[in-house]
Amino acid sequence: MFEMSPAGSHERLFVPRRSQRLSAVRAAFGADAEDLGKELTRSTAGEARCVQCLFCRRDADTGLFLAGKTGSDEGVGASLTSQRRAHEAHGMLFRTGKGRKVVVMHTRNQALQLFEQHHGDPRGGHQGIFQMKTALTTRYYWPGMTKDIVQWTNAMTSRRDLSHLLPPPRLRQLVRDWLQEDAPAFDPAGCAVGEAPERAVLLCKSPGALAGCPFFDAVFTELGCTVEWFQPEGAWLEPVARVAEVHGKARHLLLGERTALNCLGRCSGVATAAGRACRLARKASWHGQVSGTRKTTPGFRLAEKYALQVGGASGHRYDLGSLVMLKDNHAIQEAQRVAGFHLKLEVECCSLEEALEAAGTGSDIIMLDNFSPEDLHPATSALKAAHPRVMVEASGGISEENISQFFGPCIDVLSLGCLTQSARAVDFSLKICRETPVQRDFAF
């Protein structure tokens, strides 16, 4: 979809000496020269053919080029537009006079790989795309960049709209229960402020990933207010960030404030913790899934399970009817008869012998509980060797601090109760604001 035709052939080539290239890089980048050299060697391309300019070189290892200014001794007979066309299939480095020191050019395919590499990272909106949009446009250039970024952003946003997971009737009922809990009878404060139309600004006062927007929306929709978001679900927020505006009657804003903020802060904290764990898994190139558990806050499970998904983790089973989980091997056959064909069966085991017995009786998933990393990896290897089709889950005693010790080729799922039990809420506040409304700028 994003394929690019190769650059045309060019006859004039100029290969400067290595000392000239190094001097040029040091002069352009100063103390950053070493980091730049590392960045250059990370990208590869085929044989380079380009128009003549001072720092262009034939480099099959990097496929990147440094182009000098045109119309001076630093550029030899080629306009910047010509240089861009010539390099578009390989990428290059060139100086810019628009306040940025350098822009790194990539091909569209290289840029797409960079773009999707951060997909699932809460440090960008919707698992990475909105933060990367800013990073790409300030550091990179390739032909048709703006159009491509808009297209990628729209495509990724549409396929990652997790709010569609939430059944509207259940969401409305949940919000009504929360509001009734907070105001079961009289509301003296609401009577005092009245029904004057007001505008409140949602501020983020601690770093974290934004999650829980559908619940925030549902609270104020139930009260007849409207919400306008400045940040997308999943966006990484730094303090103090303006996240949204809420418009409505003063007493309705006051009535929904604490419920909405509690939900948003809690969901964002869970998503942030889940995102950190998932990033560690991706960094280790582990093939399995990071998952939460059923250790959730009573009455708040739907929100916390949703937040896990925003952070990139699996929610595990939602309730007792989603998956049959046993701790007794002798009950497996009876559970299979009752559950039928559509429910998977998981057995929790505390030793390799129990795991092998459970796998041999037809269990779909084997959970190895409270194994140390030293005991876990040999046990999972033996289990997979005997029953390669069984799914292996490890749980118990796993945290963000030690999760890297549990990554292994024979482990399919790591479930962490700390993602919901120990997650620290992100701090949000809602302030009545009467100054000029925030103007959103969508320019790239």
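Only the coordinates and a few stated rules stand behind these numbers; no lab work does. Small disclaimer: the values here were computed from a predicted structure and weren't measured. Quick reminder, even Gly has a Cβ in these numbers, built from the backbone with ideal geometry, and neighbours come from all protein chains shown.
Which whole-number percent is the relative contact order of the range 288-399 (Cα, under 8 Å, 6+ apart)?
On the way: 143 pairs, mean separation 20.3, N = 112.
This gives 18 percent for the range 288-399.
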Inter-label distance, nm, simple model (7 Å from Cα along the C-beta direction), Asp182/Tyr318: 2.4
